[in-house]
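Worksheet for the structure shown next.
Bear in mind that the values in this text are calculations on the coordinates, not laboratory data. None of these values were measured; they are calculated from a predicted model. Note: ideal-geometry Cβ built from the backbone for every residue, glycine included; neighbour counts use all protein chains shown.
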Amino acid sequence: MIQRNLPVLIPLVFLFASLVVSGFGIWKRQLAYPVALFATALAFGVALFGLQHVLTVGSISYRLGGWSPPIGIEYVLDPLAAFFTVVIVGIALLVLLHARIVVERELPERSVAYYAVSMLFLTGLSGIIITGDLFNLYVFVEIASLSGYALVAVGEKQAPVAAFRYLLVGTIGASFYLLGLCFIYLESGSLNMADVAKILPALHSKPTVVVGVLLIVVGMGIKMALFPMHGWLPDAYTYAASTSSALLAPIGTKVAAYVLVRVLFFGFGVEYVRTELPIADVISWLSAAGIIFGSVMAMAQLEMKRMLAYSSIAQIGYVGLGIGLASPLGFIGAVLHVLNHALMKSCLFLVAANVRTSIGHSTIPSFDDSLRRQMPWTMAAFSVAALSMIGIPPMAGFFSKWYLALAGIEQSQWVFVAVILASSLLNAVYFFRVWERVYLRRPVEKHPVVHSESRIESREVRPSMLVPTTVLAIGILAMGLLNALVVELIIRKAIPPGL
Amino acid sequence: MRLFRLLTVLSFGALLLYAASGLPDRGDPDAPPHRVRSIAGSLGAAAYYIQHAQSDANTPNIVTVILADYRSYDTLGEATVIFTAGIICFLLLKRQKV
Amino acid sequence: MIDFVIGHYGYWFVIALLTIGLWGMLAKKNLVKKLIGMNIFQASVIMFYIASTTKWNATVPIIDPAVGSADATHYINPLPHTLMLTAIVVSVATTGVAFALLIMIYRRFKTLDEPTLLERMK
Amino acid sequence: MTLGSDSPIIVLTARMLAPFIQLFALYVVSHGHYSPGGGFQGGAMFAASVVLMRLVAGSAVGQVQFKSLWAVPLAVFGMFVYAGAGLLSMAMGGHYLDYDFLPMTWLDYPARHSFGILIVEAGVALGVTATMILLYDALIEGRADD
Amino acid sequence: MSPAETYQSVVPLFAVLVSLVVVPLILVSAQRPNLRESWTIGASLAKFGLVASLLPHALAGRTAEVRLLEISPGIDFALRADPFGVFFALVASGLWVFTSFYSIGYVRGLNEHKQTRYFASFAVCLSATVGVAFAANVLTFVVFYEVLTVATYPLVIHKETPEAISGGRKYLAYTLTAGVLLIAATAWTYQVVGDLDFRAGGLLEGKSASVETVRGLFLLFILGVGVKAAIMPLHSWLPTAMVAPTPVSALLHAVAVVKAGVFGVVRVVGFVFGPSAMSAFGLSTILAIFAGATIIIASLLALSEDNLKRRLAYSTIGHLSYVVLGTALLTPASFAGGVLHIANHAAMKITLFFCAGAIYVNLHKENVSELDGIGRAMPWTMGAFTLAAAGLAGVPPVNGFVSKWYLGLGAIEADAQLPLVVLLLGGLLSAGYLIPIVYRAFFRPMAGEKGTREASALMVVPLVLTATLSVALGLAPNLFVHLHDLAMNISRSVIDGGTP
């Protein structure tokens, strides 16, 4: 029974978790966290099982309500979806493991609702990934978006403003998607992705379809913060509560990128987006611009979370670039980068959260040597993640760039290759800035303490926060060494037909 | 900046007008969404709903049948959306005890 | 030509509404007005669905025993109605969350005017 | 907290109107099979009656009719009815939300679906009612001291 | 010689890992210096032993290989101890033994801070260097090369003075950029060839590639490895990085880092492009021109530098280009000379740096102009210095002569006059910037108090030993480890097109 119902289980686990959390959490506040954590762990187990099942047995198509696809809604758990669920739920599990103390500190009175909303956020994300229906996707996009706005809003003083702006922009994005979907529906008469993929090839040149595709791409581009549509992101990630940023940044935008992959490659067909309507080219050029823009802006930031936010814009550019290249290698690079960046960015945001918990702020110019002495493990994790972001082998970050560079060279897109490589150096600049302060700058103290490392009391965060951070750092290293395994076993099987 | 916004909005409108010019006439009973079979041969959902709603669910209101049966999962999502909104308002506006 | 206009004028009204909504979101300085723009935008998307999937000489999608259900051309397409029911709920939910955010903003900054707000956020 | 209206006419009218709204709401929910209506519409109407009382009589009096505290549990319950119906059919060996597999063997095929729709609509109605009240309460909270 | 055969062996892997494994041990025993240092020494000895155990096989033309895992589809993370790799690993690990002892004397003599970090980074560096030596394909090479870059950084900024930090920045800017170019070159090669395994005689051999592609690739590769090899326009990080503690300069800037760069150049020329492609596309000429220019200019710059370590740094730049020049000439003798010079220069230059460090620890003198008469105060140190200086200038009994001899022979073989002139001029200039130091040390009166004041035995013994080693290798190039035979094998295998 479990095997047959696999696709629907993961969103359901999160949905029921949110119900339980909000229902019982009202009376027993302490219950909220364990329930949320347990649900996520359960979902992670299911996701892993699903991945294993999909890889050994094959994709699962699930007919919700028992109605076969064009009539009812279809859930599809194929290798790509299974891989994404594992990544997303896995990262969420680690972030939630880390969250307890941060949430207790930052939102003492509202932890129940906060966990309920996080569960709903994950419901939305997992639903988006597994669904095979274009309209159902919209519904889940909205669930994820709404909870995303809320996760942003419970942050610093300015957070509601950032969240409101995010809401406006995000709603435009979702409405664009809906409008584009209307055009597609009017021409194809179907909402099922596989069905649309069969119908559309005959209609490719129609202006309606072209505009529909354009609107969907723009809509999802907004959600994934593709370059000129990124305006909402920096404020949102900066002012959000630390846990929220760690939850949103690594996986929120990635899911929009996933939708783009799904819709473009599985819904509209590879040939179409590559040759007939060169939307893939547009995406890749925008992404390239975004990589440079994000990196340059990140260099100018003084606040660590803000720096990481701009860096996210750059990193989502890699994913976009891989999608835009529309080749197997580019696809591998993009999907691998989703995983790698999820690991790196969540690790970095958790580091930022640890720093905030420990010293109360994360302003880069005020960092100094004492931070390293007080929080050696956190800073070690930071170093690993930063090296990976720069793309030093054998860290994970190197390999996604490697595949993207291979893809760029394969298609003689030298500009993209140059952008990918140059951004490594830009990353180096802004991470190095932090690094140099943390490791080399002497604290400004009244009576300078020299050679007394033992005297400085440790202000390292609690194990429940430290463990996820270090696990992620180790994960970065492990993914670097094992990337070929992931690529060969999973991502290659997920390559869309026709690519 | 204002000009830029105006241009954005106008180009958006122009794009939609261009797209709408390619749409079938409004009310055309033979428009793709209404067909019994799509050009790829798959079932046209809408026609199927009209023809089978009564026999499948014993309910004459087709919209209700689609809403709560054929595409009931959508509706579950929809209910979840509204539930989410409620919890969010609870989360955002509950006064913290100072 | 006349046929084309008659067949398409409905779209044009909706498109006009869409652009108005977008303009409101982009150009208005007051956050509530932006929200109104957003609502117009969402509502016009909904209208676009409904308007574009009408069917001449067809009735509401509730089976009339006198007509039966064999011929699909007797009833208008029920699917967009269902979808838009969902979209309406989504729009309501979004508006609700937006108002919650606006209330939060107002409580903290005592203004909903964007330039003033940006001033006070610093 | 709102204080409510001072005018007896308004209060009286609202008090007389509210039960009828509620009755009509129930009608809309249950008659969704045959005419335009259903859970969302009915739920929204039901919530409207509660909100109406809160508006005219003040939030404090409104609590007598429906306690704010119960909004979240009720919404959860409504959602649970819906999602649980799906889960039940899954547990009985069908797909999620496949009403055919609901354990109601005394009903024939279309009737089971019809009944399933009713359950689901009821769940939606409960959820929407509670959520709407929740929204109103949350948005209005602390208005007096702004 | 028997045809090349490959056998599976984990020895290369252990050779890489042994110093990596001690890193946590070093970190754990931070509070107990003696234990910590014994880890370092143990690792260095073990490493040398492991590498040396590969030598007989390498001499017999047998190549140890270990394939670990696929790191990119079609590309294994693999180590191969081919003769050239063994040669370089032998040099690096052998000199690490000396440096370990010397380091202990040095950091304790100066009471340096953060000694744990120092020794840990050092161990990582050595792992990376041996990894570079044993890398079986370009991607593995890149991985270790980048690890080397990062691991060296903490050593460069060890002093944490503003000068050191800015030197570190410059170092990172150069080497990271180079790393990126190298990655690009690697990716491109993979797309062109579909294979990245190093092969004597050239990976590109027999593959059809357009002139532009090959030239572009060569440019990227040479820029990538040329930074660490300090070929002239890319050299400026090296003198700046001399702010590092002297053992670091000694080992890393005489052996590990810069030699990894030069090693990379040889790998690229001999094992990626191959002699036929090099000459067919006119690449060797370009490389030779740059190398020749570097020799002359660096030597001239060394003449005008007063800081001893910086003078030695410029000298290093010049001598690295001897190797590059030898490689670029593409004759059996010049190639062998270039390869031999890797080892010979390492032995001599490490001696010189050890001496500079000993002088600094003992007398706190850094500049050439302050060295008047110290020969009498530190006779052993300056004696060793003199020997090494003579070797760099190419005076016969010392090993520098041997490699220069082969280089000259190669130039004649290639019928190229200009390189010959450059070699001779380079030798003269080397004498020109090193002999005055010797002269000052022994024939100028010393300022201040007199008397013999050698540095601690931990420092003096290693530097005397390396000086002795230099002479010994000069007298008998095949001594102990058969470096000479090995170099000849390598040269033959590359130049004669893959079949040794």
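Which angle from 0 to 90°, rounded to the nearest 10, does the C-alpha axis of helix A:134-153 make with the longest principal axis of chain A? Tilt relative to chain A: about 20 degrees. Ordered by the number of other Cβ atoms lying within 10 Å of each residue's own Cβ, fewest first, C:H8, A:H337 fall into the sequence C:H8, A:H337.
Mean projected area of the Cα convex hull of chain D, taken over all directions, amounts to 10.1 nm². Summarising the amide proton neighbourhood of E:A135: residues at separation of 5 or more, or on other chains, whose placed amide H is nearer than 5 Å comprise E:R80.
List the aspartates and glutamates whose Cα sits under 20 Å from the Cα of A:K254, skipping any in the same chain fewer than 8 residues away. Candidates past the 8-residue exclusion: A:D78, A:D133, A:E142, A:D235, A:D281. Magnitude of the charge dipole for the protein assembly as shown, about its Cα centre and with charges confined to Cβ atoms of Lys, Arg (+1) and Asp, Glu (-1), is about 3400 debye. Put simply, the amide H of E:M378, placed in the peptide plane, has neighbours under 5 Å in E:R453, leaving out anything fewer than 5 places away on its chain. Among E:E370, D:E121, D:E141, the ranking by other beta carbons within 10 Å of each residue's beta carbon, starting with the fewest, stands as E:E370, D:E141, D:E121. In plain terms, the bigger the Kirkwood radius, the slower the diffusion; for the range E:286-443, with that radius from Cα pairs, at 25 °C and 0.890 mPa s, Stokes-Einstein puts D at 159 µm²/s. Taking every DSSP helix (H) stretch of at least 4 residues in chain D, weighting each as -39,500 (n - 2.57) and dividing the sum by the residue count yields a mean residue ellipticity at 222 nm of -24000 deg cm²/dmol. Between the range E:103-178 and the range D:84-134, how many Å separate their Cα centres? If you average the Cα positions of each part, the centres end up 66 Å apart. Across the range E:189-206, coupling constants 3J(HN,Hα) worked out from phi with the 6.51/-1.76/1.60 Karplus curve, θ = phi - 60°, read 4, 4, 5, 6, 9, x, 7, 10, 5, 5, 9, 4, x, x, 6, 7, 4, x Hz, and Gly and Pro carry x.
Helical content alone sets the calculated 222 nm signal of chain E at -24500 deg cm²/dmol, taking -39,500 (n - 2.57) per DSSP H segment of four or more residues and averaging over every residue. Between 0 and 90 degrees, the angle of helix E:211-229 with respect to the longest Cα principal axis of chain E falls at about 20 degrees. Listed by Cβ neighbour count within 10 Å, with the fewest neighbours leading, E:R267, B:R71 appear as E:R267, B:R71.
For peptide A:57-69, the mean count of partner chain Cβ atoms within 10 Å of a residue's Cβ comes to 5.
Rounded to the nearest 20, the Cβ-based charge dipole of the range B:2-93 about its Cα centre (Lys and Arg +1, Asp and Glu -1) stands at 400 debye. Restricting the calculation to alpha carbons of the range E:157-202 gives Rg and Dmax of 16.7, 47 angstrom. Computed with the Debye formula from one identical point scatterer per Cα of the range A:300-499, without solvent, the log10 of I(q)/I(0) at q = 0.11, 0.19 Å⁻¹ comes to -0.53, -1.25. Within the straight-line cut-off of under 16 Å between alpha carbons, the lysines reachable from C:K110 are A:K157, C:K29, C:K122, sequence neighbours fewer than 8 places apart in one chain being disregarded.
Shape summary of chain E, radius of gyration then Dmax from alpha carbon positions: 21.1, 70 Å. Amide H to amide H distances under 5 Å link E:A64 with E:Y7, E:A81, where only residues 5 or more positions off or on other chains count and H is placed in the peptide plane. Of the Cα atoms belonging to the range E:11-145, the radius of gyration and Dmax stand at 15.6, 50 Å. The calculated Kirkwood hydrodynamic radius for the range A:1-152 is 15.7 Å, given to one decimal from all distinct C-alpha pairs. Projecting the Cα atoms of E:S44, E:P462, E:A185 onto the charge dipole of the range E:5-495, computed from C-beta unit charges around the Cα centre, puts E:P462 farthest toward the positive end. Normalised by 2.2 N^0.38 Å, with N the number of residues, the alpha-carbon radius of gyration of chain A equals 0.94.
Counting Cβ atoms of other protein chains within 10 Å of each residue's Cβ and taking the mean over peptide A:129-141 gives 4. Working note: 222 nm ellipticity from helices only, DSSP H runs with n ≥ 4, each -39,500 (n - 2.57), summed and divided by the residues of chain A, gives -25000 deg cm²/dmol to the nearest 500.
Overall, the ratio between the Cα radius of gyration of the protein assembly as shown and 2.2 N^0.38 Å, rounded to two decimals, is 1.07. Ranking E:L320, C:T86, E:I26 by Cα position along the charge dipole of the protein assembly as shown, where only Lys, Arg, Asp and Glu carry charges on their C-beta atoms, puts E:I26 farthest toward the positive end. Membrane-span-like helices of chain B, defined as complete DSSP H segments with a Cα extent of 27 Å or more along the helix axis and a mean Kyte hydropathy of at least 1.0, are identified as B:2-21, B:72-93.
Students often get this wrong, so check it: of E:K207/E:K349; E:K159/E:K349; A:K206/A:K493, which have C-alpha atoms separated by over 28 Å? E:K207/E:K349; A:K206/A:K493, as the Cα separations exceed 28 Å there. Between the helical axis of A:376-390 and the dominant principal axis of chain A, each derived from Cα atoms, what acute angle in degrees is found, rounded to the nearest 10? Here the helix axis deviates by roughly 40 degrees.
Binning all Cα-Cα separations of the range B:2-93 at 5 Å, short to long from zero, yields these whole-percent fractions: 3, 11, 11, 11, 12, 12, 15, 13, 8, 4, 1, 0. In this model, which of E:K114/E:K365; A:K345/C:K33; A:K305/C:K33 are farther than 26 Å apart at the alpha-carbon? In this structure, A:K345/C:K33; A:K305/C:K33 exceed 26 Å between Cα atoms.
A straight Cα-to-Cα reach below 15 Å connects A:K401 with the aspartates and glutamates A:E410, E:E146, residues fewer than 8 places away in its own chain not being considered. Dipole orientation for the range D:8-140: of the candidates D:M132, D:L69, D:V11, D:V11 has the Cα lying most toward the positive pole (charges on Cβ; Lys, Arg +1; Asp, Glu -1). Distance from the alpha carbon centroid of the range E:47-76 to that of the range B:35-64 works out to 68 angstrom.
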